[in-house]
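*Asks:* Just passing along the structure, written as structure tokens.
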Amino acid sequence: IGFGSRGSGKASAHFEPGNIVINLTKTKGAGSLAHEWFHAIDNYFARKRERPVESVGKAPDMQEAYITYRPEPLLVNKKHPAMRMTRAELSRYQANHPNAPLYAEGNWEPDQNHPKGVRPQVEKAFAELVATLNASPMLQRAKVIDGKTSDGYWSRIIERGARSFETYVIARLADQGFRNDYLANVQTLEEFSRDPGRYPYLTPDEQGPVNEAFDKLFATLET
């Protein structure tokens, strides 16, 4: 962890996957540690995966650097290998087209080229967390914040994961009668002075399923 030692900018803190460093700014870093720590654990499990020999030593791209971008092996259609989708996507198609042979379970198999190194149980727990976050109204608010001209920062899964981890930490500390504003200090919806449709965090009504997904993830981790 660096304290005001990793360059300058508007951000209160940031995580550097290439150096495995969390930087907290001297004046505004307090309250950001939980957010950046989740980026770090997201990156930790991505680094546990085996990488092709030709990519060793090269900086991974964004989607290789964090496991939440692709938690589980994609499912590949046996007859049409170009068709690939996540388990959540296939389940949605199956629910919407229950009699379509194309989406029948037996016609799909896990991607054999999926990198090894992370236990399938952990991948599944990350995948369930991602699916829960994708089903949350927070995603639609994040898309509103992003608008049509930005780089999609607010709606990235790594950012939604880190922001929801902040409110998870606050909630689980409160369950034990504690509060730690250095770990996480989030402006509540009531304190949010702008359009509620642009609130970037989970609301209390949305927190429950996400808390359960985080609980399951941390119960699944062994190291």
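None of the figures in this text is laboratory data; all of them are computed from the coordinates on show. Model, not experiment: these values are computed from the prediction. Cβ coordinates were reconstructed from backbone atoms using ideal geometry, including for glycine residues, and neighbour counts include every protein chain displayed.
*Asks:* Give the Kirkwood hydrodynamic radius (Å, one decimal) of region 152-210, defined as one over the mean of 1/r across all pairs of different Cα atoms.
*Replies:* 12.3 Å
*Asks:* Over the chain, what is the percentage of antiparallel beta bridges among all DSSP beta bridges, to the nearest 5?
*Replies:* About 80 percent, rounded to the nearest 5.
*Asks:* Loop-only chymotrypsin sites (Phe, Trp or Tyr not before Pro) in region 143-223, please: DSSP not H, G, I, E or B, and at most 15 other Cβ atoms within 10 Å.
*Replies:* Y153, F178, Y182, F192
*Asks:* Checking the cross-link filter: which lysines have an alpha carbon closer than 26 Å to that of K10, excluding same-chain neighbours under 8 positions apart?
*Replies:* Partners found: K26, K28, K143, K148.
*Asks:* When the chain is fully extended, how far beyond the present Cα-Cα distance does N77 get from D61, taking 0.36 nm per residue of separation?
*Replies:* Length difference between fully extended and current span is 3.1 nm.
*Asks:* Could you compute the FRET efficiency for N180 and T220, with r as their C-beta to C-beta distance and R0 at 35 Å, rounded to 0.05?
*Replies:* My answer for the efficiency is 0.90.
*Asks:* Under 24 Å Cα-Cα from K116, which lysines qualify once same-chain neighbours fewer than 8 residues away are excluded?
*Replies:* K48, K58, K78, K124, K216
*Asks:* Counting other C-beta atoms within 10 Å, and keeping those with at most 10, which DSSP coil trypsin sites (Lys or Arg not before Pro) do you find in region 148-188?
*Replies:* Answer in residue order: K148.
*Asks:* Over every pair of different alpha-carbon atoms in region 62-200, take the mean of 1/r and invert it; report that Kirkwood radius in Å.
*Replies:* The Cα-based Kirkwood calculation yields 17.6 Å.
*Asks:* Can you give the longest run of the chain that contains no GluC sites (Glu not before Pro) sitting in a DSSP loop with at most 14 other Cβ atoms inside 10 Å?
*Replies:* Longest run free of exposed loop sites: 51-189.
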